[in-house]
Amino acid sequence: MLFVKNNDDVVYVNHYSGLLEVEGKGVLGPAETDVWPVSDANWGSEFNTLSVQEGITGLAEGYLDAFPNIGCLILGRTVESVALTPAVQKRLRKYKVLIRGEYDSYAETFAKELGLKFLQSDIHLADDDDEVHHEHDIITLRFHPDGSADIHYDCYTPGSSAGSFGGGEVVREIPRDFYVGCDVESFAANFPEKLREQLLANEMLGRFLEAANRRHEAKKRRAEKTNGSPEEIRLELRDEEWPLESIDHDREIVRAIVTDDDGWFYFVRAERDDHFGKATLIETSGGGVEPGEDLETAIRRELKEELGADVDIVCKIGVVSDYYNLIRRHNINNYFLCRAKSFGETHLTDQEIEDYHLRTLKLRYDDALDEYKKRSDTRIGRLIANREIPILLRAKELLDDGKRMNGSRQSDRSGS
């Protein structure tokens with residue numbers, strides 16, 4: 001354990017696996033990183049996961065600077081604020097730090113604000129003591145970034161010599177949608193009766209099951225609404241610019257035609273000079289789908305990062321399958337039509353800034369079409385235009401159809 005020199009209310013627990021837990025109360029600031037019995041000022045750099053336990057209400061600016069190598073930040077339910085220095089904010093985004101916490105908590109809000117991935121925290125379910133076999137089991141419901149979940153049993157048993165201990169672990173896989181229609185009572189029915197009381201009293205488990213089912217129902221309602229959505233287009237395109245040798249990987253991508261209430265369209269302008277050649281390009285905003293991420297979450301994240309846009313998703317336009325023979329890649333492009341609600345700060349990666357010089361391009365519809373045609377003077381520009389002009393045309397049709405439907409509804413109301 002590590003103790004804070006000037007705050008007896010805060011203590012750190014080193015799990016010697018890269019995980020560091022901090023326990024205490026109140027808001028933690030830089031002063032709470034001055035600990036003993038270590039003397040190295042960079043002691044926090046050895047940890048890749050920081051878990052902020054319940055009781056702590058916030059992290060002040062400068063606190064997270066002491067932990068430069070974390071790839072995962074776990075925020076307890078009592079945390080209500082996290083202040084970041086510009087350097088730490090940039091680092092969290094650059095390295096795509098995973099934020100974990102409970103559904104509907106500040107942790108989830110914090111992740112969305114930064115455009116980072118959020119994952120439900122693991123849930124300690126119960127402890128099981130087997131006196132006959134002198135065994136103690138710690139049972140945990142674990143969630144993984146790829147969307148899977150399992151029940152983990154961490155077993156401790158006395159060793160063969162005095163004072164030593166052995167044990168092991170057992171993992172029981174469970175369905176990804178195990179929570180659907182499940183309450184604490186039915187969940188507890190899957191475990192031995194002696195654990196029932198602990199499981200029924202598990203408040204974190206109850207909160208998760210309630211929130212997960214609420215989200216499932218909302219997703220189902222959205223899917224039912226899309227039954228009346230316009231038919232999605234499907235395009236299969238070949239790369240006629242570079243010779244085909246082989247394709248060795250696929251990339252799932254999300255992209256969006258973004259408009260606003262004033263009729264503007266938003267794209268990104270890239271200026272690149274790489275293996276595709278020197279080119280100035282217009283392209284829809286978007287990028288790769290991360291493991292365990294659904295398409296709608298991915299497009300919201302990408303638009304927040306590249307355009308600084310908070311959007312409503314109007315509908316899915318369709319899927320364009322195309323190829324980049326030069327890098328042996330098959331692209332699966334999922335296109336959405338989105339309406340911008342507001343714009344804020346962009347969160348571009350160093351590569352997007354330094355190598356691609358990415359910036360927002362705001363155009364009228366006709367000007368956007370002209371820009372795609374103008375930028376078809378390079379091989380990569382032609383590949384992009386072949387893929388995106390049909391999508392832009394379809395987006396315009398959908399927007400015009402929507403205007404006609406709204407006009408018809410207004411006429412009906414005025415006539416009645």
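The values are calculated or read from the model by the stated rules, or taken from the named source; none is laboratory data. Because the structure is a prediction, the values reported are computed rather than measured. Surface areas here come from the heavy atoms of the whole protein model, side chains and all, with no ligands, DNA or RNA. Shrake-Rupley method; radii C 1.70, N 1.55, O 1.52, S 1.80 Å.
Rounded, prolate or oblate: which one fits the stretch 3-118, using the alpha carbon gyration tensor with axes a ≥ b ≥ c (rounded when a/c is under 1.5, else prolate when a/b beats b/c, else oblate)? Judged from the Cα gyration tensor, the stretch 3-118 comes out prolate (a/c at least 1.5, a/b above b/c). Residue pairs exceeding 19 angstrom between C-alpha atoms, taken from Lys94/Lys362; Lys373/Lys396; Lys96/Lys220; Lys5/Lys25: Lys94/Lys362; Lys96/Lys220.
With a ≥ b ≥ c taken as the square roots of the eigenvalues of the C-alpha gyration tensor of the chain, please select rounded if a/c is under 1.5 and otherwise prolate if a/b is larger than b/c or oblate if it is not? The shape class here is prolate. Each residue of the stretch 50-58 is assigned a 3J(HN,Hα), and the resulting list reads 10, 10, 9, 7, 4, x, 7, 9, x Hz, derived from the Karplus form 6.51 cos²θ - 1.76 cosθ + 1.60 (θ = phi - 60°), x at Gly and Pro. Ordered by solvent-accessible area of protein heavy atoms (1.4 Å probe), largest first, the residues Arg214, Arg91, Arg328 come out as Arg214, Arg328, Arg91. Roughly how far apart, in whole Å, are the Cα centres of the stretch 69-142 and the stretch 273-338? So the separation of the two Cα centres works out to 28 Å.
Computed in the context of the full set of protein chains, the accessible area of the chain at 1.4 Å probe radius has 48% of its extent on carbon or sulfur.
Seen through its C-alpha gyration tensor, with square-root eigenvalues sorted a ≥ b ≥ c, the stretch 340-399 comes out oblate because a/c lies at 1.5 or above while a/b is not bigger than b/c.
What's the angle, to the nearest 10 degrees (0 to 90), between helix 295-306's Cα axis and the longest principal axis of the chain? Between the helix axis and the principal axis of the chain, the angle is about 80 degrees.
Karplus-derived 3J(HN,Hα) values for the stretch 255-269, using 6.51 cos²θ - 1.76 cosθ + 1.60 with θ = phi - 60°, are 9, 8, 8, 10, 10, 10, 5, 9, x, 7, 10, 10, 10, 10, 9 Hz; glycine and proline are entered as x.
Accessible surface of Lys341, taken over heavy atoms with a 1.4 Å probe and every protein chain present, rounds to 120 Å². If you line up the long axis of helix 379-415 against the longest principal axis of the chain, both from Cα atoms, how many degrees apart are they, to the nearest 10? Approximately 90 degrees, to the nearest 10. Each of Trp264, Trp36, Trp43 has its accessible area taken with a 1.4 Å probe; listed largest first, they run Trp36, Trp264, Trp43.
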